[in-house]
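Okay, structure first, notes after.
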């Protein structure tokens with residue numbers, strides 16, 4: 001964000017054909033400080049940003065435009081791009097539904113269990129949580145010493161540090177949308 005802000009200040013300053021010396025004279029901010037802000041090696045303060053914006057002839061909101069990186073983090077994965085298969089056996093097929101999962105806070109997975117299919121027992125570290133939403137079929141989720149029988153449309157939220165498995169004891173396949181947070185595979 002600091003680098004983007006500096007780039008934005010430099011771009012606006014050059015568009016107005018202003019030098020660092022002129023901005024320093026108008027704002028009272030040292031030329032070296034202005035240079036560091038523009039290169040992203042220094043953040044500056046809201047007060048200094050306000051002075052810079054005024055000297056350039058823009059509002060503070062306009063100066064901060066394009067600084068928010070949240071929109072840049074949005075990432076679509078098209079079906080035709082193919083989902084990455086993380087586990088594939090005759091009974092269980094697990095697809096990772098996003099790219100760069102190590103950079104995410106949630107890992108979304110699509111689990112398909114064939115008739116009679118069962119996942120291997122799993123226990124993640126404390127603080128990791130899981131959410132299951134049954135899209136199709138019926139499944140039994142074993143969490144610790146409890147069993148949860150879930151049908152299409154049912155959900156389950158649990159502490160993933162407890163040993164857990166998914167099983168499909170029916171004659172048809174089952175599909176489950178899973179979310180793991182924080183991101184762990």
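None of the figures in this text is laboratory data; all of them are computed from the coordinates on show. Just so we're clear, the structure is a prediction, and the values are computed from it rather than from any experiment. For neighbour counting, all protein chains shown are included, and Cβ atoms are generated from backbone atoms with ideal geometry for every residue, glycine included.
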Length-normalised contact order for the chain - Cα pairs under 8 Å, 6+ apart - percent: 19 percent
Ranked 150, 34, criterion: other C-beta atoms within 10 Å, fewest first: 150, 34
Shape call, the stretch 79-181: gyration tensor on alpha carbons, a/c limit 1.5: oblate
For the stretch 79-181: relative contact order, % (alpha-carbon pairs under 8 angstrom, 6 or more apart): 32 percent
Residue-averaged [θ]222 nm for the chain, counting only DSSP H segments that reach four residues, each worth -39500 (n - 2.57): -7500 deg cm²/dmol
Mean Cα-pair separation over length for the stretch 2-71, i.e. relative contact order, pairs under 8 Å, 6 or more apart, %: 40 percent
Three-way shape call for the chain based on the alpha-carbon gyration tensor, with the a/c threshold at 1.5: prolate
Neighbour-count ranking [beta-carbon atoms within 10 angstrom, fewest first] of 141, 58: 58, 141
Global geometry of the stretch 11-67, whether rounded, prolate or oblate, following the gyration tensor of its Cα atoms and the 1.5 cut on a/c: rounded
